[in-house]
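Written out below as structure tokens is the structure these notes cover.
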Amino acid sequence: MALQITESCVNCWACVDVCPNDAIYQDTPHFLIDDGKCTECLGDHSVPQCAAICPIEMAIVDELGAFLNPPGSLTGIPIEKLKEFGLWKEAA
Amino acid sequence: MELPVISNTAPASEGGGCSSSGCGTAPDALGHLPDHIRAKVQDHPCYSEEAHHYFARMHVAVAPACNIQCNYCNRKYDCSNESRPGVVSELLTPDQAIKKVLAVAAEIPQMTVLGIAGPGDPLANPGRTFETFEQLSERAPDIKLCVSTNGLNLPKYVDEIAKHNIDHVTITINCVDPEVGAKIYPWIYWENKRITGVEGARILIEQQQKGLQMLTDRGILVKVNSVLIPGVNDEHLKEVSKIVKAKGAFLHNVMPLIAEAEHGTYYGIMEQPEPTPEQLQELQDACAGDMAMMRHCRQCRADAVGLLGEDRGDEFTLDKIDVMDVDYEAAMVRRKEVHDSIIEQLEAKRGNVKPKAEDLGIPADSRPVLMAVAGKNGVVAEHFGHAKEFLIYEASPAGVRFISHRKTELYCGGMDSCGDGDVVGEGATESLLDRNIRVLEGCEVVLCSKVGYEPWAKLEAAGIAPNGEHAMEPIEEAVMAVYKEIAVTGKLSPSADGRKAA
């Protein structure tokens with residue numbers, strides 16, 4: 001089991017500094033998670049740290065492609081507004 | 001230790017603010033500080049209204065990560081056309097940052113200050129931030145170091161800040177009440193969890209206040225930035241000002257919210273209004289009774305380079321720095337000469353006594369007048385159509401005081417030009433000229449070096465008298481001269497039909 005970073009990533013480094021497994025590395029066009037190292041923080045923290053600090057909705061997904069931070073969950077911007085501004089996505 | 005607070009020597013007849021050249025850090029106000037603090041502040045462009053005409057600063061963008069979300073920020077932004085906090089074009093490693101600072105310091109000898117301000121929170125990037133400071137204090141010991149922070153990690157790093165000889169810290173404090181905070185900060189990252197709502201705001205406020213106290217206890221100068229968000233924290237900021245003053249902050253900088261829908265921020269998309277220049281001034285004046293206020297802040301980018309109000313960042317991109325040959329030893333000698341000569345000029349200027357209104361025959365009961373100035377380096381310098389900002393001055397019988405600056409340009413072309421999203425910037429129907437005239441609302445005169453025919457007519461129609469008679473004159477003398485001209489016509493007497501008694 002491992003999490004993944006999507007193309008929504010803005011390369012802000014926040015997740016790199018908090019990952020307990022050093023599983024996140026710089027790549028182009030965005031950071032990636034080494035699935036051999038990622039444990040989803042099990043045994044270290046109650047929640048995956050990358051997803052707990054990531055400021056960008058839809059940037060981190062689980063193995064099924066589900067967003068850990070779905071649209072609107074971090075900013076509180078209502079879904080209809082996100083759709084109006086082209087900032088809405090159903091799934092990765 | 002309690003740091004003395006610069007007090008504004010407000011003219012008795014007026015509602016706050018100071019009467020001399022500029023505000024907050026005018027020479028009069030600096031006089032209340034002990035010598036060692038005054039020396040630290042008076043050649044710092046971000047703290048001294050006077051110094052910012054002469055000395056330059058730069059920010060290096062080594063701190064991308066953030067540990068809180070503010071409703072006026074969108075971390076997706078990287079637009080080279082924008083000038084506002086949190087925006088950068090090129091993220092630097094500490095090594096690249098050092099190279100850039102040395103190149104800029106050699107090229108722009110007026111540079112006195114290096115700050116780390118983002119684009120995230122410097123203290124959420126402690127490794128990159130402190131490595132940059134450490135290398136710099138070794139290689140460029142003549143440059144002052146500053147850091148800005150949201151305050152969440154401040155208590156944890158106060159000792160580190162003191163160790164690196166960082167003598168100025170800016171904390172952004174928008175509230176002291178968690179209920180207010182919950183409307184500004186949707187979440188914080190704290191002790192390995194994302195914490196939302198009132199609880200998140202409560203922790204943030206607690207850490208900010210604790211950090212502020214710890215810094216002033218160690219004698220480190222603290223400036224507090226607040227973003228004025230109408231209907232959210234406007235009245236509340238008066239209390240914030242009182243509290244941060246009591247804890248020893250030496251300067252309070254209230255900045256207007258920037259909230260454009262095309263920036264994609266919560267406030268932008270939710271159409272949260274920005275404050276009008278009048279609302280901002282009213283609040284700054286209200287807080288000025290308790291606190292030294294700063295009014296010349298330009299809300300610059302986290303990678304800004306040069307004098308305030310100009311950005312020379314484009315001249316110092318990594319590829320350009322790579323081919324520069326920097327002899328820093330020689331540059332330091334030159335910098336010392338340039339700094340000494342600027343300080344000499346400033347000292348001479350501080351010795352000059354400004355003419356009082358009464359000496360010029362202006363009646364003591366004349367009403368104050370707001371004037372906009374297209375100025376540069378302390379003189380009336382720019383063509384009306386070329387001015388990127390106007391400096392707003394108030395002339396009254398007590399003298400001339402700097403009130404604020406007002407930008408004339410759109411911050412950004414919108415999501416379209418940044419290639420992010422599909423929103424077309426609104427407001428394109430209004431011509432730039434009309435917009436600029438609207439920006440001058442409340443002013444009765446605009447001073448500039450020249451004005452074209454079309455803007456002249458439109459300005460007059462808007463009740464703003466264009467004036468190109470004082471080109472290249474020192475701003476305050478020019479403003480007082482025009483005030484006197486108006487006084488002679490009798491339009492300033494209380495009985496006259498004052499169009500706008502400011």
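Just so you know, all these numbers are worked out from the coordinates, no wet-lab data involved. Keep in mind that what you see is a predicted model, and the values were worked out from it rather than measured. Backbone-built Cβ (ideal geometry, glycine too); neighbour counts: all protein chains shown.
Couple of notes before you dig in:
- Ranked by how many other Cβ atoms sit within 10 Å of their own Cβ, fewest first, the residues B:312, B:438, B:194 fall in the order B:438, B:312, B:194.
- Which listed pairs, of B:163/B:376; B:247/B:376; A:81/B:183; A:83/B:183; B:100/B:163; A:83/B:76, have C-alpha distances above 27 Å, in listed order: B:163/B:376; B:247/B:376
- Efficiency of FRET between residue B:431 and residue B:279 - r from beta-carbon atoms, R0 22 angstrom, step 0.05: 0.35
- Other residues lying with their Cβ under 13 Å from the Cβ of residue B:328 contribute a combined charge of 0, Lys and Arg counting +1, Asp and Glu -1.
- Structural descriptor for chain A: relative contact order 28 percent, calculated from alpha carbon pairs under 8 angstrom and at least 6 residues apart.
- Full extension of the chain between residue B:364 and residue B:456 yields a length gain of 30.0 nm, computed as 0.36 nm times the residue separation minus the alpha carbon distance.
- Counts of other chain beta carbons within 10 angstrom of each beta carbon in peptide B:115-124 average 1.
- Given +1 at the Cβ of Lys and Arg, -1 at the Cβ of Asp and Glu and no other charges, the dipole of chain A around its Cα centre is 280 debye to the nearest 20.
- When the helices of chain A are scored as -39500 (n - 2.57) per DSSP H run of n ≥ 4 and the total is divided over every residue, the value at 222 nm lands at -3500 deg cm²/dmol.
- Peptides ranked, highest mean first, by Cβ atoms within 10 Å: ranges A:38-46, B:200-208: B:200-208, A:38-46
- Under 5 Å from the amide H of residue B:389 lie the amide H atoms of B:408, each residue being 5 or more positions distant or on a separate chain, with H modelled from the backbone and absent for Pro and chain starts.
- Shown here are the Rg and Dmax of the Cα trace of chain A, at 13.1, 41 Å.
- Spin-label model, residue B:488 to residue B:242: label points 7 Å out along the Cα-to-beta-carbon direction sit 4.8 nm apart.
- Amide H within-cut-off set for residue B:225, under 5 Å, with H built and near neighbours excluded: B:171, B:172, B:173, B:253
- From least to most packed, judged by other beta carbons within 10 angstrom and beginning with the fewest, B:328, B:266, A:25 follow the order A:25, B:328, B:266.
- Legend: mean number of C-beta atoms from other chains within 10 angstrom of residue C-beta atoms, peptide A:3-12, equals 2.
- Net charge contributed by nearby residues that have their C-beta within less than 12 Å of residue B:461 (K/R +1, D/E -1): -2
- Gain on full extension, evaluated as 0.36 nm per residue between residue B:334 and residue B:317 minus their Cα-Cα distance, stands at 3.8 nm.
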